[in-house]
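The values are calculated or read from the model by the stated rules, or taken from the named source; none is laboratory data. From a predicted model like this one, the values you see are computed outputs, not experimental measurements. Glycine also receives a Cβ, built like all others from the backbone with ideal geometry; neighbour counts cover every protein chain displayed. The accessibility values were calculated without ligands, DNA or RNA, using every heavy atom of the protein model including side chains. Shrake-Rupley method; radii C 1.70, N 1.55, O 1.52, S 1.80 Å.
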Amino acid sequence: ITPFVKPIKIRNTGSYFDTLTQAMAQAVSGNDILVSQGTYTESIDMGPGVRLLGGYENYNWTRDIKNNVTKIISRAGVGDRAIVMAEGASVEGFYIDGAGLYNAISVSNLSDFKLSHCWIENSDIPLIVKGSSGSIENNEVTGNIAGLKIENSTNVTILRNRIINIDILQETTV
């Protein structure tokens, strides 16, 4: 039996895709986008209420984020970040390579977001949270100039993260 050829699917819809951008364009609030192991060279604007879940294999769609590495590398010339979060959106189980960007993940003016079980590297400030509430849990941030910048935000839960080789931790009105 040959594994399914498309590496991305929206759970319980029968919809399969070749790119994260295609899947995000079709997803609606409450959808889970399952992403199989591999490298995706894209910049993504998350949809409101959509969960982006990495670490799957695309045969039985079982999840193991350590062995089924799912990597996002920002696409050169498209925006200035790898992922822009949306209201109620969640990103879980990805290796995110900022590919020399100033900022890998941007969170701005949201009342709910979640980033968990991700590895983030190769950007000046991998995660910037402005005017938002949400959770940052079980992530590893390495090899960046600054690890985390939070501005004018309330109720940001930061649990069990590891930030290493970082020059600056910036906190403003957390």
* To do: Note down the relative contact order for the chain as a percent, whole number, built from C-alpha pairs under 8 angstrom at least six residues apart.
  => 13
* Asked: So between LYS66 and ASN109, what do we pick up on full extension, going 0.36 nm a residue minus the alpha carbon distance?
  -> 12.3 nm
* Simple spin-label estimate for GLU151 and LYS130 in nanometres, 7 Å along Cα-Cβ -> 0.5
* **Debye equation applied to the C-alpha atoms of the chain, log10 I(q)/I(0) at 0.12, 0.19 Å⁻¹** => -0.50, -1.24
* Name the shape class, rounded, prolate or oblate, that the alpha-carbon gyration tensor gives for segment 18-108, where a ≥ b ≥ c are the square roots of its eigenvalues, rounded holds for a/c under 1.5, and otherwise prolate holds if a/b is larger than b/c and oblate otherwise. => oblate
* Asked: What percent of all Cα-Cα pairs in segment 65-150 falls in each 5 Å bin, counting up from 0?
  -> 4, 16, 28, 27, 19, 6, 1, 0
* **the chain: most fluctuating residue of ASN31, ASN122, ASN12 per GNM, C-alpha cutoff 10 Å** => ASN12
* Between SER15 and ILE158, what is the label-to-label distance in nm when each label sits 7 Å out along the Cα-to-Cβ direction? -> 3.5
* **Estimated distance in nm for a label pair at GLU140 and SER29, the labels positioned 7 Å out from Cα along Cα-to-Cβ** => 3.6
* Summarise the accessible area of segment 1-143 (1.4 Å probe, protein heavy atoms) by the percent that is carbon and sulfur. => 47
* Asked: From the phi of every residue in segment 54-62, what ³J(HN,Hα) in whole Hz does the Karplus formula 6.51 cos²θ - 1.76 cosθ + 1.60 yield, where θ is phi - 60° and glycine or proline is x?
  -> x, x, 9, 10, 9, 9, 9, 6, 8
* List every residue whose amide H lies under 5 Å from the amide H of GLY98, counting only residues 5 or more places away in sequence or on a different chain, with H placed 1.01 Å from N in the peptide plane. => GLU121, ASN122, SER123
